[in-house]
Amino acid sequence: MEATIALRLPRDAASVPLIRQILQATLDTLGVEEQIRDDIELMLSEACSNVIRHAGPSDEYTVSAGVHDDLCVIRVVDTGNGFDPRLVSEAPPPGAEHGRGIQIMRALADDIRFTNRAEHGAVVCLEKRLRFTPGAAASPFMAPFMGNDGAAATPGRRPGEAPTRPL
C-alpha cells in the first residue's frame, strides 16, 4: 500500500499544528499504533519548527509524507540558505530553551538524512517503521507484510528486522 500527502505551507508557526494534525489523522485512520504516531508527530514538529526558526529568507516550505508498505517517509523541504548538520551541536548547553530538535529527530527516527542544497535550502528526510493495531484499516493491504504478532514484516525479512529503503 502507498499513500502520500504533500503540502506547501507558509513559514509560520501556525503551519506546524496543521500539518501535524493532518498526518496524525491519516496515520490514525490507517491504524498505526499510538506510540509510533506520537514519535512521528514529534519528529515532524521538530523538523518544521527548525524550518520556521532557521530557514532564512524563504516564505514557505513543503512537507510530504508517504506510507510505503510498513514505512513512513517524511520530507521537509525549505528554500532558505541551507545548513550543515555536522555543525549543529549534538547537545545544547544546560538550560538552553532551543537546540534539541535534531537530537530528538535522530533519537526517534529509524533513519534520518539531511541534504543541503547551497542557497536553495535544505531537505530533511525522516523514516519510521510502522506498526499497526489489530483490525486496522490498513490490515487488508498490509497482510503480506505483517508477522503473526502484528509487527510489520516484509517477504524475505523476519518481523522486527530493519526495513529496506523504498527510495
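The values are calculated or read from the model by the stated rules, or taken from the named source; none is laboratory data. The model shown is predicted, which means the values in this text are computed figures rather than measured ones. Backbone-built Cβ (ideal geometry, glycine too); neighbour counts: all protein chains shown. We work out accessible area using only protein heavy atoms, side chains counted, and drop any ligands, DNA or RNA first. Shrake-Rupley method; radii C 1.70, N 1.55, O 1.52, S 1.80 Å.
Taking amide H atoms as placed 1.01 Å from N in the peptide plane, the amide H of Tyr61 lies under 5 Å from those of Leu9, Arg11, each 5 or more residues away in sequence or on another chain. Highest average first, the peptides 101-107, 38-44 ordered by how many other beta carbon atoms sit within 10 Å of their residues are 38-44, 101-107. Across segment 48-65, coupling constants 3J(HN,Hα) worked out from phi with the 6.51/-1.76/1.60 Karplus curve, θ = phi - 60°, read 5, 4, 5, 4, 4, 7, 10, 6, x, x, 5, 9, 8, 8, 10, 10, 10, 9 Hz, and Gly and Pro carry x. Across the accessible surface of segment 1-79, with the other protein chains kept in place and a 1.4 Å probe, carbon and sulfur atoms take up 48 percent. Comparing Val73, Leu27, Gly56 along the charge dipole axis of segment 1-92, the residue lying farthest to the positive side is Gly56, per the Cβ-charge model. In the complete set of protein chains, residue-level accessible area for Thr4 is approximately 100 Å², probe 1.4 angstrom.
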